[in-house]
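Contents: one structure, followed by commentary.
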Amino acid sequence: MYKKLLFFISISFSIIAQKSPKEFLGYELGDQFTYHHQIVDYAKHIATSNTQNFQWVSYGKTNERRELGQLIITSPGLQSKLDAIKRTHLQIINGETKATLETPLIINLSFNVHGNEAAGSEAALGLMYDLAIKYNELVQKMAGKSFVILLDPCINPDGREAYATQFNRKNYFAGGNPDPLDQEHFEGKVSGRYNHFLHDLNRDWAWQTQIESKQRISFYQSFMPMLHADFHEQSGQHSYYFPPAAKPYLNFISDGTKQLQESVGKSFSKLFDSKGWTYFTSEVYDLLYPSYGDTYPILNGALAMTLEQGGIKAGLSQKLNNGDTLHFSERVLHHRTLANDLVNWSLENAEQLKSVFYANHEKARNNPTNQFKVYVIPQDQIAKSKDLIDLLRKNRIEMGLAGKEFSAQQPYSFFDDKNILNYKVGANDLIISTFQSASPMAQVLLDPVIALEDSVTYDITAWNMFQIHGIKAYGLKEKLVPVNNFKWDQVKNILENDALGFYFLPQNPEDIELLLKAKKMGYEIVFNDLPLEKDGKKIEPGNFFIFSKNKSLKDFTPLIRLADAGNISLNSLKSFRFDKGADLGSEHFKYFQTPKVAVIANENFDTNQQGELAYFFKSNFKSTATYIHLNDFLTKPIDHYTHLFIPSSNFKLNEGELKTVQKWISNGGKLICFENSINSFLNAPFDLGKNLKELKDTTESKDIYVLRERNALSSTIGGNLLEVNLENSHPYGFRNQNSKTYILNTSNSLFASSGDFNPILKTGNSPKVNGFLGSKIKKQISNTVWFGSKEIGKGTISWFNFNPIFRSIPTQGQTILENILLYSNY
Ligand SMILES: [Zn+2]
C-alpha cells in the first residue's frame, strides 16, 4: 500500500507541457475578450502543468456564481507547507517569533477589479504562462530562498463578463471598430466596472460589504502579502501610470515603504524607457481612502500599488485624440511586461520587502501613530456598536474588556468632538488598544481627523466610524491592556407564562427579518409612537409589540426560536396597559405594514444607487423590490406599492403623471427621492420649490490657470462627515436616542427649507465638519436641510440631500431609510 501510494504521488507530480494562451484559446492575447470561465480553465491548466509548484485555489463564488480563485506559485517544496508558512508568518506579524532567512517572500498580484478595464485578466493569462515557462529561472534568481506568488486573474468576474458580453453583442464588425462613436465603446447602466450589485470593488476593501471582497480579504488575511499590485485601466487618452503614488499620503506610511515605492517605480521607468512606452507617475492616484487595492494593503504593512494602463472603453481598438490607434493587444502587452518586471524586481528585492513589511508591523505594535493609546466603547454603547465591532474584526483589529475601573483624564469624546474633563472606564467597557499590528487600520477607521500630507484627493476625506454610528466613545492618552477577547452573549429568550406576547426594538437585519416573518405568520404587530413606561422600565418609541388576537396563534415558540437563532432579546408583554404614555389599544400604537416596494430605474439614473438600493433591500431589509423602468412607470396602476424610491436622477413627468403620483401619495403612498430626483417635484402640483430653496454661490471665479484644480475645491460640498440635528421624535428619526448625528455627506448642493416641509436632518448654526469642506461652502452650510418630508393626505414625500446608503457602508443614514419602511403607517 505504501509503495503504491508513493508511485501514485510520483506520477501526480509529473510535468505536462504548458500550452501558450494562443494554443489554449485559439487566438493571440488581445485579439478577443476572453470569457471568465476560459480564464479559470487556463489557470487550472497551468496549475496541472506543474503540480509540484503551482496550485489553483478556489476561494469563493460571486453573486452570479462565477468562481473566484488564485494561482499560487511557490519555490520548490513549499506547496505542501503553505498552512505552516501562513501560521508562522502571522506569528511574526504579531511579534510572537522572528523572521529568518528561510521565511518566504509573499507577493500578490490582482487583475481586473473593474470588470471593464479588461486588459488586466488577459495580461494575467500571459503572466501565468511566462511564470510557468521561466519557473526554473525564477528559482535560480532566488538562490535557494523561498517565495510565494499569489495571482488573482480576476477579482470581479461578474463585471468582467458583463463587459465582455456587452462588447461582443454591440460589436457588429469583427475585430472592433476604432471609431470612438461606435456603440461598442458605450456600456450603459450595467457597466462592467461594478459587481452584480453595482458596487465598486475598489472602494470596498475596508468595508467588505460585497461577497467578492468578503471572500477575497479573508484569503488575503490568511496570507498577508508583503506586496500587492492592483492592475487597472484609465482613460484611453492617457498613457500608463505607475508608482510613486500621488499625495496625499497617510502619515504612517514608513520611509522604508516610500523607498521601495521609489525603487520599484525606477525599475518600471527603466523598462518603459527601453521600450519607448510613455507613462506618468506621482499624479492623480493618491493614498488616502482606505478601501482601495493599494491603500488597504499599505495599511496592512505591505508595499502596494495601483497600475493604470490607458484603455478604458477602448474596446479592441480605438482612435485617440492625437491620431494614434490604441489596440487592445498593446494594452495587454504593457500590463504583462510590467507584471513580469514586478515579479523579477520583487524576487531581487525580497530581503528588503520582507524586512520593511515586518518592520511596519513591529512599529504598529510598539510605536503606533494613532492619536490615542486606547479607544473605549462604554458598556451601554456596546449593543448599538455591533456593525462597528463586526467591521473592526473584519479588519484584524483586536479588542477586549477593560477588566477593571480606571479614571481617564481629559479623554477625547468622539460624540462631542472635543476633550472632556474625565471619564471613568468601567470593567465591562470595551477597549481597543492601539498597540497591535492592525493599529494603522484602527487609526484610519477611528481617529477623528485623518492625518494628511496634502488635501487634494479624488474621494471622500472622512469616515470616522464612531461618528458615523453615533457611538459615544472615547480616545484615551493612557495605556490600557484588554483582559480578554470580547464575545457576544448568546441570547436565550424565555417568555413569562402569562405573557400576551413580546416586544423589542429592532437593531439588526435579523430583527427586521423576525418582524416580517411574524407578520406573515399572522401575528398582530404594532409600534409605539411615543415613550412608554411599565414597572419602572422606560420603553422608547419605535418598539414593536407582537401579540395575537387569534386563539390558534397563542403559541410564540416558533418566534422565540427565531429570536434565539438571531440573538435577539425579547421582552415579555404582560399587559396592554402601561404606567406612562398610552395603552396598547390607543391611537399611539400603529399597525406595522409589510412594505411593498418599487424602485424607478433608468440608464441615466445614478447607477451605483440603483445597486446600493437593491443591496439594501437584500441585506438590511431581507426583502425584495420591483425595479420599474422609467419608460414603464405609470403604464400600469401603482396602487399596490406602499413605497416608491427614485435614485438620484434628472427626469420629467408630465402633469397627468405628476397628478397620478400625487393621488397615490394622498392615499398613503410613501415617495422617497434621492438627491437630484427631487427636481421633478419642485413645480405644481407638488410645488416643493416653495419649500426648498437652493443656495448658490454667485461669486465669480478669477482663478489663474495653474491654480484652477485647487480653487475648484473651494466649492466642494461633499466627501466629509457633517454634524446635523436629528428630529428624533419623528418616526423616521426613531431608534436613535441622540438629538444630533453625523452624516456621510455626499451632496453637491445646499438647500434651505421652509413652510410645511419637515426637516428631520438639518444643520445647526455652526455645524462640525470632519474632513474636507470647500472654503466658500463653509459660510453657507448652516441651517441647511439634509433629509425631510412633507405630508400629503395620508402619505408623504421624503427627500435625502445625500446618499444614505453610500457604498453600503453601515451608517445612521441606513437606519433612517429602514425607519421609512418600518414606521410607514403613521
Ligand atoms: Zn480601475
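The values are calculated or read from the model by the stated rules, or taken from the named source; none is laboratory data. Given the structure is predicted, the values throughout are model-derived calculations rather than measurements. When we count neighbours, we look across all protein chains shown, and the Cβ atoms used for this are built from the backbone with ideal geometry, even at glycine.
When S407 is tested against (1) without any contact (Cβ under 8 Å) to a residue 40 or more places away in the chain; (2) part of a loop (DSSP other than H, G, I, E, B), just one condition goes unmet, and that condition is (2). Only residues that are outside any helix (DSSP H, G or I) and charged (D, E, K, R) were counted in the stretch 144-166, giving 2. From the list Y240, Y292, the lone residue that is within 16 Å of the ligand (Cβ to nearest atom) and at pLDDT below 95 is Y292.
Residues considered: F578, F616. Of these, the only one that is in contact with a Leu (Cβ under 7 Å, 6 or more places away or on another chain) and either surrounded by fewer than 15 Cβ atoms within 10 Å (Cβ to Cβ) or under 26 Å from V785 (Cα atoms) (or both) is F616. Put simply, of F651, F621, F605 the only residue that is closer than 29 Å to F806 by Cβ, among the hydrophobic types (A, V, I, L, M, F, W, C) and surrounded by fewer than 19 Cβ atoms within 10 Å (Cβ to Cβ) is F651. Elements of the type strands (runs of 3 or more DSSP E) sitting completely within the stretch 547-605 and holding at least 1 residues that are under 30 Å from K386 (Cβ atoms) and polar (S, T, N, Q): these cover 571-573.
Screening the stretch 25-143 for strands (runs of 3 or more DSSP E) wholly inside it with 3 or more residues that are within 16 Å of the ligand (Cβ to nearest atom) and surrounded by 23 or more Cβ atoms within 10 Å (Cβ to Cβ) returns the ranges 105-111. In the stretch 237-250, the count of residues that are crowded, with 20+ Cβ neighbours inside 10 Å and of a type in the set (S, T, N, Q) is zero.
Being touching a Lys or Arg at 6+ places or on another chain (Cβ under 6 Å) and either acidic (D, E) or within 16 Å of the ligand (Cβ to nearest atom) (or both) is a description that applies to R203.
Looking only at residues in the stretch 296-325 that are more than 21 Å from Q166 (Cβ to Cβ) and within 16 Å of the ligand (Cβ to nearest atom), the one that is surrounded by the most Cβ atoms within 10 Å (Cβ to Cβ) is M305.
The test for being touching a strand residue (DSSP E or B) at 6+ places or on another chain (Cβ under 9 Å), under 26 Å from F806 (Cβ atoms) and within 16 Å of the ligand (Cβ to nearest atom) holds for R216. Of all residues in the stretch 243-263, those being within 16 Å of the ligand (Cβ to nearest atom) and either small (G, A, S) or on the phi > 0 side of the Ramachandran plot (or both) number 2. Quick one: would you say L198 is buried (at least 18 other Cβ atoms within 10 Å of the Cβ), within 16 Å of the ligand (Cβ to nearest atom) and assigned to a loop (DSSP other than H, G, I, E, B)? Here the answer is yes, as L198 does meet what is asked. The condition of being without any contact (Cβ under 8 Å) to a residue 24 or more places away in the chain and closer than 28 Å to T811 by Cα holds for only one of K517, K538, that being K538. Is it the case that some residue within the stretch 539-555 is surrounded by 12 or more Cβ atoms within 10 Å (Cβ to Cβ) and of a type in the set (D, E)? Yes - at least one qualifying residue is present in the stretch 539-555. Between T607, T635, T642, T660, the distinction of being farther than 26 Å from N748 by Cα, polar (S, T, N, Q) and touching a Lys or Arg at 6+ places or on another chain (Cβ under 7 Å) belongs to T642 only. Of the residues making up the stretch 163-170, none is in contact with a strand residue (DSSP E or B) (Cβ under 6 Å, 6 or more places away or on another chain) and surrounded by 22 or more Cβ atoms within 10 Å (Cβ to Cβ).
Only a single criterion out of (1) at pLDDT below 95; (2) away from the ligand (no atom under 14 Å from the Cβ) is not satisfied by S191, namely (2).
The combined condition, being surrounded by 16 or more Cβ atoms within 10 Å (Cβ to Cβ), touching a strand residue (DSSP E or B) at 6+ places or on another chain (Cβ under 9 Å) and not in a strand (DSSP E or B), is fulfilled by I777. Please verify whether H228 is closer than 29 Å to F617 by Cα, within 16 Å of the ligand (Cβ to nearest atom) and buried (at least 21 other Cβ atoms within 10 Å of the Cβ), treating the condition exactly as stated. No: the conditions fail for H228. Looking across the stretch 803-826 at every residue that is in a loop (DSSP other than H, G, I, E, B) and in contact with an Asp or Glu (Cβ under 7 Å, 6 or more places away or on another chain), the one that is modelled with the lowest pLDDT is identified as Y826.
If you go through the stretch 268-289 and pick out every residue that is touching a strand residue (DSSP E or B) at 6+ places or on another chain (Cβ under 6 Å) and within 14 Å of the ligand (Cβ to nearest atom), you end up with 2. Among residues of the stretch 42-57 that are closer than 16 Å to S121 by Cβ and in the same structural domain as Y27 (by TED's automatic domain parsing), those with a Cβ under 9 angstrom from a residue that is among the charged types (D, E, K, R) and assigned to a loop (DSSP other than H, G, I, E, B), sequence gap 6+ or separate chain, pair up as Y42/K19; H45/K19; I46/K19. Residues of the stretch 593-611 include none that is without any contact (Cβ under 8 Å) to a residue 12 or more places away in the chain and of a type in the set (S, T, Y). Residue check: G176 meets all listed conditions (1) assigned to a loop (DSSP other than H, G, I, E, B); (2) without any contact (Cβ under 8 Å) to a residue 24 or more places away in the chain but one, namely (2).
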